[in-house]
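Report on the structure given below.
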Amino acid sequence: MFSMCNPPFYSSKEEVLRSAEAKEYGPNSVDTSYPRGLPNSLGLDGIREPSNENKIWYTSMLGKMSSLSGIVTTLRECKIENYAITEFVQGQTRRWAIAWSFTNARLPDVIGRIPTPSLQHIMPPRNSLRQPIPNIQPGQDVSETLIDVLNSIEGLKILEKNPPQQRSSSDAQIVHFVVEAAKNTWSRSARRKKVNTEEKSHVDIAATEDPGLTCRLRISGEVESAQSSRRSSTAGCMLQIDWIRGKDRGLYESFVSHVGRKLQVSMKSLNDGMET
């Protein structure tokens, strides 16, 4: 569920007139806005005091790019870092939209971030992190190595696995997994804590109502082609991990770092074994 709010684009009638005077051409339509409805606070009261309704996302469309900064400032003051920014373009008209959530549902960067250089300082933190996996030998199955890495993480549950799929007639392929974890069991500090406190050796995620982390892992890249004599004997791929659900950004970034590092080490070990 979501709540949509499209507040007036200007804070006063005078601002409307100044904006119209600054335009090179006249308006394409008639201004039908009701004067008493013009002044607004950009819907900021709704950020500070959200309704008690069970909404997942709150959205608001804006007519001025400069309005984004005020809303993002308020979001950050309220410790809300789960938000998204996008834009709509139709002909010569450009509008912006911002969405925020008090839940642990996360949006991928392709939805929640835009590449406008002047807005990068107010973009939300990245929910899609990528790590290159170089030097893959022909015939090596990176997805199977990734499964081994995931299975080595105590308490991690693989919810979904899609087999490799050809994206086109080229040598590119893609495979993805969805995983969830109740807590950090992979870092050195977590393993040390377990030893020191004699924790259980198994984390029952099935009994956890709200897993601490849910991610989608995607492997994509080129596979070495025997027909191409110009390519080297090895190729690389890209590991992308999207944050789907969770509250702890540090947990997500730690998981990405651990899986990427372990996958690189495992692939290097396989390559070294093939060369000997």
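Odds and ends about this structure:
- When the test is whether a residue is among the hydroxyl-bearing types (Ser, Thr, Tyr), surrounded by 12 or more Cβ atoms within 10 Å (Cβ to Cβ), modelled with pLDDT under 95 and under 21 Å from Trp243 (Cβ atoms), Thr185 passes it.
- Members of segment 124-176 found to be among the small types (Gly, Ala, Ser), at pLDDT below 90 and within 21 Å of Arg261 (Cα to Cα), listed by number: Ser143
- Of the listed requirements (1) under 30 Å from Leu263 (Cα atoms); (2) hydrophobic (A, V, I, L, M, F, W, C); (3) modelled with pLDDT of 95 or more, Ile85 misses just one: (1).
- The set of residues in segment 252-276 being over 13 Å from Val149 (Cα atoms) and at pLDDT 95 or above consists of Tyr252, Glu253, Ser254.
The values are calculated or read from the model by the stated rules, or taken from the named source; none is laboratory data. These numbers were taken from a predicted model, which means no experiment stands behind them. Here the Cβ is made from the backbone with ideal geometry for all residues, glycine too, and neighbour counts use every protein chain on show.
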